[in-house]
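Reviewing the structure listed below.
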Amino acid sequence: MSQPRPITEGSTAHRVYRYVPWAIFAFIAITAPFWAAHTPAFSIGESTLTFSLGNLNHAVAYMVGVLGLGILVGYNGQISLGNSFFMGVGGYVTATLVTDDGWSFLATLVVVLPVCFVIGMLIGLPALRIKGLYLALTTLGLAAVFPSIVRMEQLRDRTGGANGKRIESDLDAPGWVPIEPIGDFLSSIPLVGEWAYGEGVSGREADAVWVYLLLAALTAAAFWVARNLIYSRPGRSIIAIRDNETGAAVNGVNVPMTKTLTFGFSAMLGGLSGTMYAMAIGFVAPDVFGINLAIFLIVGLVVGGVGTLSGAIIGGIVIVFVPVWSAQIESVPGVPERFLRGPTGLFILGVLLIVLTFFLPGGIVYGMRKIRARFVQIVPDRQVAGDDVVVATGDATGGKMSRHGGKTALDVDDDPTLPDDDPHEEQAKRILDRDDGAESAPVSAPAQQTNQGETT
């Protein structure tokens with residue numbers, strides 16, 4: 001197998017390697033609603049699978065829900081199955097404020113985010129005494145009880161009871177947003193424009209594109225805040241608790257406070273996801289935010305990649321489009337037609353989860369990173385200063401800065417002779433002289449077994 005291509009960090013090739021994929025992703029994210037507004041379809045055998053803008057908005061809303069769960073489970077190590085509860089709180093608070101009180105969707109975030117954060121912290125306090133499977137079962141109870149709460153007769157005027165609540169508000173595209181000109185420009189692209197983007201968008205299609213752009217902006221803000229948190233000092237404390245709770249406490253991390261705040265932050269992202277769901281669908285119902293959604297969020301997290309931020313994007317798409325496309329499959333060679341009836345989407349999601357657990361335990365993002373590492377390797381930048389060469393990053397030298405008279409740390413490893421004035425050489429000679437004059441002590445059997453297979 002060929003060696004991966006080395007790319008020097010900070011070079012032009014490295015900048016292209018980093019920013020070009022992001023530019024492509026941004027282009028796809030911006031133009032996807034103009035393509036999906038016409039509900040494109042593609043055929044596989046006798047089945048026709050569709051890609052609608054409504055389902056895309058649905059998936060974008062779920063991305064934030066998976067992200068919030070990933071912060072709690074993937075980065076902090078608290079196994080929770082109750083984020084659908086917080087999505088329900090966010091969705092219903094938004095629905096009642098918009099429909100009954102005349103608020104705008106974005107204005108409801110002023111109430112939704114603090115309320116979900118406080119509820120998450122209150123639930124996180126008793127969760128400090130339990131962990132693992134017991135915490136998962138406790139939070140699963142939240143998802144199970146939420147439909148019963150919103151069906152209560154005392155809340156029927158606000159929640160709509162078992163019938164759900166339709167949101168009487170139109171998110172019309174404002175005139176200052178050039179949605180129709182952008183659609184006309186994309187459709188005028190030679191060769192592929194009219195085929196991919198039709199004849200542009202107008203009317204209700206433009207309104208649906210405007211909803212997508214709002215959801216995409218909220219999603220980008222959520223990912224930006226989550227990324228800044230993870231790469232900050234509190235984020236390192238969150239990860240340290242996941243890796244070794246005792247070690248984190250010994251090193252000065254306030255474990256109870258950090259775990260409680262992480263629970264609150266995850267609940268806040270869940271509430272934001274619920275508001276986005278209400279914006280995308282325009283309807284909330286009790287059974288939407290029950291146990292099924294809690295399991296779907298976990299499946300999306302595992303499929304996308306536990307402990308990754310970008311895995312939430314893949315997870316949100318998977319848990320929406322896999323059930324939709326599974327329901328549209330009419331025939332599969334060698335499979336009786338009666339097996340394709342019923343909840344085939346849940347079955348395919350389960351099979352996908354089992355397959356990924358065995359072959360890609362880190363999720364799709366983990367697999368993509370492994371494939372990328374086979375072809376590209378980022379090597380540290382070497383800053384030349386006079387006769388000395390400084391290795392500025394830790395990939396090759398274990399995170400240490402080294403300066404050896406015009407040689408890098410790698411060159412020193414290749415050359416067994418150290419400089420004459422190196423104090424470590426004299427210390428090594430004294431140790432060797434001492435060991436030559438002393439008898440070797442016998443090694444006990446337990447020590448031999450402990451050292452078996454290790455380099456000495």
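A few points about this structure:
- Members of region 371-385 found to be out of contact with any strand residue (DSSP E or B) (no Cβ under 8 Å at 6 or more places or on another chain), at pLDDT 85 or above and exposed (fewer than 11 other Cβ atoms within 10 Å of the Cβ), listed by number: Ile371
- Some residue of region 163-175 being in a helix (DSSP H, G or I) and among the small types (Gly, Ala, Ser): no
- Every listed requirement among (1) over 18 Å from the mean Cα position of the chain (by Cα); (2) modelled with pLDDT of 85 or more; (3) among the hydroxyl-bearing types (Ser, Thr, Tyr) is met by Thr308 save one, (1).
- Selection over region 81-122 of residues that are closer than 15 Å to Lys165 by Cβ and aromatic (Phe, Trp, Tyr) gives a count of 3.
- Test: Thr393 is modelled with pLDDT of 65 or more and either touching a Cys at 6+ places or on another chain (Cβ under 8 Å) or polar (S, T, N, Q) (or both): no
- Unmet requirement for Phe283, which otherwise passes all of (1) of a type in the set (A, V, I, L, M, F, W, C); (2) surrounded by 18 or more Cβ atoms within 10 Å (Cβ to Cβ); (3) at pLDDT below 95; (4) closer than 26 Å to Gly141 by Cα: (2)
- Test: Thr275 is polar (S, T, N, Q), in contact (Cβ under 8 Å) with a residue 40 or more places away in the chain, part of a helix (DSSP H, G or I) and more than 17 Å from Ile30 (Cα to Cα): yes
For (1) among the small types (Gly, Ala, Ser); (2) in the same structural domain as Gly120 (by TED's automatic domain parsing); (3) over 15 Å from the mean Cα position of the chain (by Cα), each residue gets a yes or a no:
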position	(1), (2), (3)
Gly193	yes, yes, yes
Tyr197	no, yes, yes
Val209	no, yes, yes
Leu229	no, yes, no
Arg236	no, yes, yes
Asp243	no, yes, yes
Ala248	yes, yes, yes
Leu261	no, yes, yes
Thr275	no, yes, yes
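- Note on region 163-179: residues that are surrounded by 11 or more Cβ atoms within 10 Å (Cβ to Cβ) and without any contact (Cβ under 8 Å) to a residue 24 or more places away in the chain amount to 1.
- Residue list for region 146-162, restricted to those being surrounded by fewer than 13 Cβ atoms within 10 Å (Cβ to Cβ) and in a helix (DSSP H, G or I): Ser148, Glu153, Gln154, Asp157, Ala162
- When restricted to residues that are more than 30 Å from Val211 (Cβ to Cβ), free of Cβ contacts under 8 Å to residues at least 24 places away in the same chain and not basic (Lys, Arg), region 4-53 contains 3.
- Checked against (1) part of a loop (DSSP other than H, G, I, E, B); (2) under 25 Å from Ala208 (Cα atoms), Lys131 passes all but condition (2).
- Long-range neighbours under 9 Å by Cβ, at least six apart or interchain, first residue without any contact (Cβ under 8 Å) to a residue 40 or more places away in the chain within region 57-76, second surrounded by 24 or more Cβ atoms within 10 Å (Cβ to Cβ): none
- Across region 161-182, the qualifying residues are those that are out of contact with any helix residue (DSSP H, G or I) (no Cβ under 8 Å at 6 or more places or on another chain) and at pLDDT 85 or above, and the one among them that is farthest from Asp100 (Cα to Cα) is Pro181.
The values are calculated or read from the model by the stated rules, or taken from the named source; none is laboratory data. The structure displayed is predicted, hence computed values, not measured ones. Note that we place each Cβ from the backbone using ideal geometry, even for glycine, and neighbour counts take in every protein chain shown.
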